[in-house]
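J.: Below is one structure. I have some questions about it.
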Amino acid sequence: MQELAARHRLRWWEALPWVAGLACFFLFPTYLAFGTQVLVTILFALSLDLVLGYAGIVTLGHAAFFGAGAYTVGMLATHLGWTEPLSGLLAAALVAGLIGLLSGWVLLRTHGLTLLMLTLCTMALLEQAANMFSGWTGGFDGMPGLSFKPILGLFEFDVLFFRSQYLYALAVLFACFVVVRALVYSPFGRSLTGIRENVLRMHAVGAPVRARQVIAYAISAALAGVAGAVFVHATGFVNLAVLGLERAAGVLIILILGGHGRLYGAFVGAILYMVLEHTLSKAYPTAWQLGLGLGLMLVALYARNGVFGMADALRRRWSAR
Amino acid sequence: MSAGAAASARPQGGALLETRALCRNFGALQVANNVDFRLEAGARHALIGPNGAGKTTFINLLTGVLAPSSGQVLLDGEDVTRLAQARRVKRGIARTFQINQLFRGLSVLENVCIAVAERMGAGGGMLRPAGRRTEVVEEAARLLDTLRLSADAGSRVAELPYGRQRLVEIAIALGLSPRVLLLDEPAAGIPSAESHILLDAIAGLPREIAVLIIEHDMDLVFRFAQRITVMVGGSVFAEGTPAEIAANREVRAVYLGTALDA
Amino acid sequence: MDVVSTLLGGLAAGMVLFIVSVGLSVTMGLMGFVNLAHGAFAMLGGYFVVYSMRRWGLAFEPALALGFVAVALVAVALERTLYARLYRAAELDQVLFTIGLVFVMIALVTLGVGPESQRVVLPAWLAGQTDLGFLTYRTYSLALIVAGTLLMLALWLGFERTRIGAKIRAAVDNRRMAESMGVDVGRLFTLTFALGSGLAAVGGGLGAEILGLDPQYPLRYLAYFLIVVAVGGLGKVTGVFFAALLIGVLDFVLKIYFPKGGTMFIYALTLIFLLARPQGIFGKRGT
């Protein structure tokens with residue numbers, strides 16, 4: 001009985017992603033800008049996993065929170081001259097989390113197609129609002145050329161080689177991952193899994209289903225906001241693309257490809273997708289879209305649990321021999 | 001450790017669970033027709049009737065899954081008609097479903113742990129891992145033990161034979177430490193070779209709990225029930241002790257005289 | 001008179017939205033299937049019209065008719081081979097599949113024709129202006145308004161007065177009950193999917209002057225199609241009609257007075273409306 005209850009214990013291979021992350025810093029010094037983008041995307045996908053993979057809420061509008069965090073940092077820097085990065089992260093998390101709390105409380109009264117559509121609407125609403133209030137947000141062109149104070153006053157953002165950006169993103173990802181991992185193994189996280197597996201049953205055991213969903217949605221939004229903030233810190237600009245359907249659909253695809261509800265699916269999916277996209281999409285963009293589309297159709301039909309799901313299936317087949 | 005520790009609002013000699021003139025209709029279709037029903041503490045009560053008589057609907061009305069068109073549901077003298085399902089669970093009503101409603105991808109232990117955690121108010125905790133909540137895990141393990149499911153504790157529910165899944169369904173309901181337990185056709189789908197496990201489980205239910213069981217298996221009904229209610233077309237057709245019901249000619253007519261020769 | 005011409009412009013755009021979206025509303029109401037690829041059928045219709053007019057020298061009207069048939073056939077093929085496997089699948093899988101399908105169609109069109117936007121050459125009788133007495137207005141827009149209204153009436157009659165229409169309405173209301181009464185919901189769905197996609201194709205070709213025609217079409221208007229369907233109510237032709245007109249007029253007006261980001265009001269209004277009334281204008285509250 002005791003080992004069953006010990007699911008949350010750390011296993012040795014859980015150190016691997018972080019070791020690999022640090023190794024990349026030394027092994028690929030010229031690819032750190034790309035690496036930083038990958039880290040930001042992993043964090044974004046991780047936040048989506050909390051609502052989608054664990055709470056089972058299908059959303060096409062998660063970029064709303066990524067964008068909220070990004071614009072918070074951008075606007076603080078541009079209009080208030082507030083360029084301290086760590087407090088910017090906190091502000092981004094708070095703003096995005098608040099928007100997530102409000103929109104979740106209101107949207108999660110619906111489900112199915114209506115909910116999906118409303119998540120799209122919320123994101124489109126924010127996107128057009130950013131377009132309209134261009135005095136605040138820089139409109140279509142956004143706010144380019146932002147620069148930020150050194151992290152903790154010590155580590156300057158390295159515009160040429162992205163060294164501090166990469167390590168900064170890695171550190172933030174690590175901190176957020178610790179939070180998500182703890183949440184997932186907590187009773188709260190287990191109840192989210194219960195809600196996803198059988199919402200009827202959860203009501204019948206007296207769980208406050210909607211409250212749990214809204215809280216999960218808000219936390220996930222805050223994390224997505226942090227990802228958006230790191231994005232702006234690292235790249236120095238923000239524009240409407242942080243709020244678009246492309247980014248929202250992209251992170252959904254990434255999470256599914258890696259495997260949702262698996263904590264590390266975000267890592268696998270983001271690395272796989274972005275490496276492939278980086279190499280193939282530049283050369284043959286239309287062929288990339290065609291291949292991606294076909295891949296998605298195949299995944300939906302045959303491999304809905306992504307890479308992790310396929311690994312599970314293989315493992316089961318081998319141990320059955 | 002039971003739910004609903006508030007002082008009983010029940011008047012002297014009142015029932016633990018009661019409905020008064022409970023009605024529910026879908027347009028012209030009357031699925032519950034002026035149902036007056038009483039369940040005493042410690043009762044062993046069976047609800048029988050032909051298919052489509054409205055028995056599961058009645059359970060849905062009792063638990064709050066369905067709202068009545070009129071009438072009242074009272075728990076311990078308190079009017080709970082307007083209360084949502086989750087709140088009634090906290091007050092002490094638990095049910096099992098006719099078709100298993102389990103967390104199929106999770107282990108048996110986890111299934112019961114989720115229920116126990118909710119009952120203990122620990123379901124929303126974010127700080128400590130679920131596995132470290134020893135009170136929850138031990139209580140869940142104890143429940144699995146009483147239902148002889150300990151060997152399956154680590155197996156995924158989806159991998160269990162249907163009969164054992166049915167037991168998990170009961171374990172979850174018991175994990176909620178209910179005062180009232182509503183079992184919707186617990187024997188349904190269990191092959192007769194395994195039904196003794198279920199019978200033992202039901203016989204072993206704590207004496208203080210009021211149990212209402214919907215069943216078609218007359219063997220089980222007559223072995224278990226102290227009182228039987230017969231429901232036909234959404235209305236209470238007859239009620240009494242097993243001997244009275246068995247002797248009731250109209251009840252026999254309704255069942256075509258087959259199953260009641262116990 | 002500015003108000004009237006603005007109104008007419010918005011109504012014309014709304015009609016296009018209606019023609020494209022009505023099929024989506026019925027198929028979603030019937031099967032509960034989240035088909036995000038519906039806009040791609042409209043796009044295919046538009047490209048078919050352009051292609052057949054340019055390469056085969058067809059006139060506008062026969063091109064539309066042929067486009068209807070061609071896209072309906074493609075839709076049936078896709079439905080029978082691929083869509084049908086996902087009817088019982090989780091919503092997430094349906095979303096992924098249809099997004100993938102959209103990507104494939106966009107890519108194929110880009111590879112086959114190119115990423116530039118295409119123009120549909122309107123026939124002479126549609127190209128000019130019509131004198132209404134108090135106003136002269138583009139014949140094309142007026143024709144759209146008339147066509148959309150006629151289509152709505154035809155569909156409404158079809159649903160209310162024919163046996164097939166009654167079957168569809170029953171199945172949308174309560175699929176299980178309809179099935180137990182002997183309605184072959186699967187075949188009904190193939191039929192409505194084909195018709196709905198064919199109509200979308202007509203909408204794509206007919207509306208190319210207003211909504212444009214380029215490979216990004218299905219994604220650019222995805223939110224609008226979904227909004228029209230959700231606000232109108234699944235499977236409710238009249239609801240979709242009014243919702244489409246409303247969105248069309250709003251979008252037209254907002255783009256004039258708030259060219260940057262004005263459409264945010266549409267999203268805000270949709271949010272408020274659907275939260276108050278998730279079943280749509282004419283939908284019924286789910287049990």
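The values are calculated or read from the model by the stated rules, or taken from the named source; none is laboratory data. Note that this is a predicted model, so its numbers are computed, not measured. No Cβ is skipped: glycine too gets one built from the backbone with ideal geometry, and neighbour counts run over all protein chains shown. Heavy atoms of the whole protein, side chains included, go into the accessibility calculation; ligands, DNA and RNA do not. Shrake-Rupley method; radii C 1.70, N 1.55, O 1.52, S 1.80 Å.
J.: For the range C:131-287, what does the relative contact order come out to in percent, with C-alpha contacts under 8 Å and a separation of six or more? Don't skip to the answer; put the middle values down first.
T.: Values: 92 pairs, mean separation 29.2, N = 157.
Value for the range C:131-287: 19 percent.
J.: With N set to the residue count of the range C:157-287, report its C-alpha Rg divided by 2.2 N^0.38 Å to two decimal places.
T.: On the way: Rg = 16.9 Å, N = 131, 2.2 N^0.38 = 14.0 Å.
Ratio of Rg to 2.2 N^0.38 Å for the range C:157-287: 1.20.
J.: With +1 on the Cβ of every Lys and Arg and -1 on the Cβ of every Asp and Glu, and nothing else charged, how large is the dipole of the range C:207-278 about its Cα centre, in debye rounded to the nearest 20?
T.: Details: 5 positive and 3 negative charges, 42 e Å.
Its charge dipole is roughly 200 debye.
J.: Compare the peptides A:45-55, A:238-248, B:156-166, C:179-189 by average per-residue count of other Cβ atoms within 10 angstrom and give them in order, highest first. Spell out each step's value before the answer.
T.: On the way: A:45-55: 27.2, A:238-248: 21.2, B:156-166: 16.9, C:179-189: 14.4.
The packing order, highest mean first, is A:45-55, A:238-248, B:156-166, C:179-189.
J.: Would you compute, from DSSP H runs of 4+ residues alone, the mean residue ellipticity of chain A at 222 nm, taking -39500 (n - 2.57) per run and dividing by the full residue count, rounded to the nearest 500? Let's see the in-between values first.
T.: On the way: 14 runs with 221 residues, N = 321.
Counting only the DSSP helices, I get -23000 deg cm²/dmol.
J.: By per-residue mean of other Cβ atoms within 10 Å, what is the highest-first order of B:29-40, A:10-21, A:131-142, A:70-81?
T.: Highest mean packing first, the order is A:70-81, B:29-40, A:131-142, A:10-21.
J.: Specify the angular offset, from 0 to 90 degrees and rounded to the nearest 10, of the alpha carbon long axis of helix C:163-173 from the longest principal axis of the alpha carbons in chain C.
T.: For C:163-173 against chain C, the angle is about 70 degrees.
J.: Also, I was wondering about something else. Gap in Å between the Cα centre of the range A:160-228 and the Cα centre of the range C:134-162?
T.: Rounded to whole Å, the Cα centres lie 50 Å apart.
J.: Using the Cα centre of the range C:1-117 as the reference point, and only Cβ charges (+1 on K/R, -1 on D/E), how large is the resulting charge dipole? Debye, rounded to the nearest 20. Don't skip to the answer; put the middle values down first.
T.: Values: 5 positive and 6 negative charges, 69 e Å.
The calculation lands at about 340 debye.
J.: Along the positive direction of the dipole of the range A:143-206 (beta-carbon charges: Lys, Arg +1; Asp, Glu -1; about the Cα centre), which of A:167, A:144, A:184 reaches farthest?
T.: Going by the Cα projections, it comes out as A:184.
J.: Would you please report the Å³ per residue occupied by the convex hull of the alpha carbon atoms in the range A:30-139?
T.: On the way: hull volume 13.1 nm³, N = 110.
In the range A:30-139, the Cα hull volume divided by residue count equals 119 Å³.
J.: Follow-up question, since we're still on this one. Using the Cα centre of the protein assembly as shown as origin and beta-carbon charges of +1 (Lys, Arg) and -1 (Asp, Glu), tell me which of A:318, A:39, A:134 is placed farthest towards the positive end of the dipole.
T.: Going by the Cα projections, it comes out as A:318.
J.: Let me ask something else about it. Summarise the partner chain shielding of C:99-111 as one whole number: the mean count of Cβ atoms from other chains within 10 Å of each residue's Cβ. If you can, show how the numbers build up before the last one.
T.: Values: counts 10, 11, 5, 4, 12, 9, 2, 4, 10, 4, 1, 5, 5.
Mean partner-chain Cβ count within 10 Å for C:99-111: 6.
J.: Rounded to the nearest 5, what is the percent of antiparallel bridges among the DSSP beta bridges in the protein assembly as shown?
T.: Values: 25 of 42 bridges.
In the protein assembly as shown, DSSP labels about 60 percent of beta bridges as antiparallel.
J.: Follow-up question, since we're still on this one. Taking beta carbons within 10 Å but only from partner chains, what does the mean come to for residues C:244-254?
T.: On the way: counts 0, 0, 0, 0, 0, 0, 0, 0, 0, 0, 1.
If you average over the peptide's residues, the count of other-chain Cβ atoms is 0.
J.: Then there is this: Run the numbers on chain B and let me know its relative contact order in percent, using alpha-carbon pairs under 8 Å that are six or more apart. Present the calculation step by step, with values, prior to reporting the outcome.
T.: Numbers: 479 pairs, mean separation 70.5, N = 262.
27 percent.
J.: Right, here's the next one. Given q = 0.06, 0.08, 0.10 Å⁻¹, what are the Debye log10 I(q)/I(0) values for the protein assembly as shown, with equal point scatterers placed on the Cα positions and solvent ignored?
T.: Debye intensities relative to I(0), on a log10 scale: -0.48, -0.84, -1.19.
J.: Putting +1 on Lys and Arg Cβ atoms and -1 on Asp and Glu Cβ atoms, find which of C:132, C:174, C:259 reaches farthest to the positive end of the dipole of chain C.
T.: C:174
J.: Would you calculate a helix-derived [θ] at 222 nm for chain B, using -39,500 (n - 2.57) for each DSSP H run of n ≥ 4 and dividing by the full residue count, to the nearest 500?
T.: On the way: 9 runs with 83 residues, N = 262.
Dividing the helical sum by the residues of chain B leaves -9000 deg cm²/dmol.
J.: Follow-up. Distance from the Cα centre of the range C:246-277 to that of the range C:182-219, in angstrom?
T.: The range C:246-277 and the range C:182-219 have Cα centres separated by 24 Å.
J.: Also, I was wondering about something else. With a 10 Å radius around each residue's Cβ, average the other Cβ atoms per peptide and rank C:91-102, A:296-307, B:191-202, C:145-156, highest first.
T.: Going by the mean number of other Cβ atoms within 10 Å, highest first, we get C:91-102, A:296-307, C:145-156, B:191-202.
J.: Averaged over its residues, how many other protein chain Cβ atoms are within 10 Å of peptide C:80-93's Cβ atoms?
T.: 3
J.: Only Lys, Arg, Asp and Glu count, each charged at its Cβ (+1, +1, -1, -1), so figure out the dipole size of the protein assembly as shown about its Cα centre, rounded to 20 debye. Working shown, then result.
T.: Working: 69 positive and 53 negative charges, 110 e Å.
My answer is approximately 520 debye.
J.: Still on this structure, please answer the following. Leaving out ligands, DNA and RNA, calculate the buried accessible area for the pair C and A with a 1.4 Å probe, summed over both sides, in Å² to the nearest 100.
T.: Working: alone 14130 and 16900 Å², together 27280 Å².
By this definition, chains C and A bury close to 3700 Å².
J.: Give me the base-10 log of I(q)/I(0) for chain C at each q in 0.13 Å⁻¹, Debye formula, one uniform scatterer per Cα, rounded to two decimals.
T.: Each listed q corresponds, in turn, to -0.89.
J.: Straight-line reach only, C-alpha to C-alpha below 30 angstrom: list the lysines that residue B:55 could link to, leaving out same-chain residues fewer than 8 apart.
T.: In chain and number order, the partners are B:90, C:284.
J.: How high is the relative contact order of the range A:1-134? Use alpha-carbon pairs under 8 Å, at least six apart in sequence, and give a whole percent. Don't jump to the answer; show the numbers that get you there.
T.: Values: 64 pairs, mean separation 32.6, N = 134.
Averaging sequence separation for qualifying contacts and normalising by length gives 24 percent for the range A:1-134.
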